[in-house]
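Notes for the one structure printed next.
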Amino acid sequence: MVKQFFRVIVFLFVAQALFAQPAPRPLPEDLVERIGRQYGLSAEDRGSLRATGEITRYQDKNFSSLILPDKPIAARLAKELKDLPATILVEALFVIPLEKNLPEKEDFLLSVYNTLHKIDKMKGLEYWSESNQKMQVMFNDAYLIANPDAKTPLPNPVAREIPDQDTRYIYQDDSRFGENTYRADYRYNSGMFRVTMHNLTRMYYGIIPAVQKEKLRLDIVILPGEDYLIFYGCIGADVFTFFGLEKKVMPSFSNRIKALFTWFLNNM
């Protein structure tokens, strides 16, 4: 029942994005104001949520704050990004309206956890290409593997209870960055989910080396509210400085976060 209801809620979010340029997803005024008061969002960020249902920000190595509204988690993440060190930073935040009290139900939280492990469902995931003005495939293939050197796909795990932490390894054939392996660390605490992915292979932008191994991290944070979920995505990387390469990869990183948001919605 929970799963059926969630699918009804998110249908309007994803249907247009599957077949055409993604449309803005404006949020109800009262929901934006409640989230804004709870997390102290700026007037600019509230306006963005009202108009489009999302907040996106690009920053360089001099970043001082994150748009992640949970301040303690944001502070820890910012320190970890500084330690990387991240020379570019791309963030996006989305709000998913839900039935009141739905995020408090155990079966719903378990469904969120299992959705974050549906790695093979990333295969064929599409994103909107501004340069080509059409939807394009982001991941030619994606699946879990047993260890960083393994090649055999593993099935997506289905948990019956949510562990506090877990580590998985992921293979992706990326249409932009080629074939890569990642370590994914999953953490859970009081309804909050966090997934941190580190690249274990050098990443290429076409034929150009873009990011050395373990110099990119992708974080997904899911924050529950009374009648909503916040989906936050962040990519920080130490990118090679090569004829403005760092500026070219920023839109690709932004597209990746938006595609992962669509993946999350499609598989709940």
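The values are calculated or read from the model by the stated rules, or taken from the named source; none is laboratory data. Fair warning: this is a prediction, and the values are worked out from it, not measured in the lab. For neighbour counting, all protein chains shown are included, and Cβ atoms are generated from backbone atoms with ideal geometry for every residue, glycine included.
Restricting I170, I207 to those that are among the aliphatic types (A, V, I, L, M) and touching a Ser or Thr at 6+ places or on another chain (Cβ under 9 Å) reduces the list to I170.
Look at segment 42-54: where a residue is closer than 12 Å to L31 by Cα and of a type in the set (D, E, K, R) and a partner is modelled with pLDDT under 90 and not in a helix (DSSP H, G or I), sitting 6+ places away or on another chain with Cβ atoms under 7 Å, you get R50/P26. Applying the criterion of at least 1 residues that are aliphatic (A, V, I, L, M) and under 26 Å from S254 (Cα atoms) to the strands (runs of 3 or more DSSP E) found wholly in segment 91-148 leaves 134-137, 139-145.
If you go through segment 162-198 and keep only what is without any contact (Cβ under 8 Å) to a residue 24 or more places away in the chain and outside any strand (DSSP E or B), you end up with just S190. Of the set (1) within 20 Å of D185 (Cβ to Cβ); (2) part of a helix (DSSP H, G or I); (3) among the hydrophobic types (A, V, I, L, M, F, W, C), all apply to V249 but (1).
Okay, residues lined up against (1) closer than 17 Å to T56 by Cβ; (2) touching a strand residue (DSSP E or B) at 6+ places or on another chain (Cβ under 8 Å); (3) of a type outside the set (D, E, K, R):
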{"residue": "I230", "(1), (2), (3)": "yes, yes, yes"}
{"residue": "G236", "(1), (2), (3)": "yes, yes, yes"}
{"residue": "T241", "(1), (2), (3)": "no, no, yes"}
{"residue": "K247", "(1), (2), (3)": "yes, no, no"}
{"residue": "S252", "(1), (2), (3)": "yes, yes, yes"}
{"residue": "I257", "(1), (2), (3)": "yes, yes, yes"}
{"residue": "F261", "(1), (2), (3)": "yes, yes, yes"}
{"residue": "F264", "(1), (2), (3)": "yes, yes, yes"}
{"residue": "N267", "(1), (2), (3)": "no, no, yes"}
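Condition first: surrounded by 14 or more Cβ atoms within 10 Å (Cβ to Cβ) and under 19 Å from L200 (Cβ atoms). Can you find one or more residues in segment 122-129 that meet it? Yes, the conditions are met somewhere in segment 122-129.
Given the criteria farther than 21 Å from F261 by Cα, out of contact with any Leu (no Cβ under 8 Å at 6 or more places or on another chain) and of a type in the set (K, R), does K121 qualify? Answer is no for this residue. Taken over segment 45-78, the criterion of being more than 18 Å from R34 (Cβ to Cβ), aliphatic (A, V, I, L, M) and buried (at least 16 other Cβ atoms within 10 Å of the Cβ) is satisfied by L66, I73, A74, L77, A78. Residues in segment 151-161 that are more than 11 Å from H117 (Cβ to Cβ) and either touching a Ser or Thr at 6+ places or on another chain (Cβ under 9 Å) or touching a residue at least 24 places away in the same chain (Cβ under 8 Å) (or both) were compared, and the one that is surrounded by the most Cβ atoms within 10 Å (Cβ to Cβ) is P153. Can you name every residue in segment 199-232 that is of a type in the set (D, E) and either within 19 Å of I257 (Cα to Cα) or assigned to a strand (DSSP E or B) (or both)? Within segment 199-232, E214, D219 meet the criteria. When E126 is tested against (1) acidic (D, E); (2) farther than 24 Å from S48 by Cβ; (3) touching a strand residue (DSSP E or B) at 6+ places or on another chain (Cβ under 9 Å), just one condition goes unmet, and that condition is (2).
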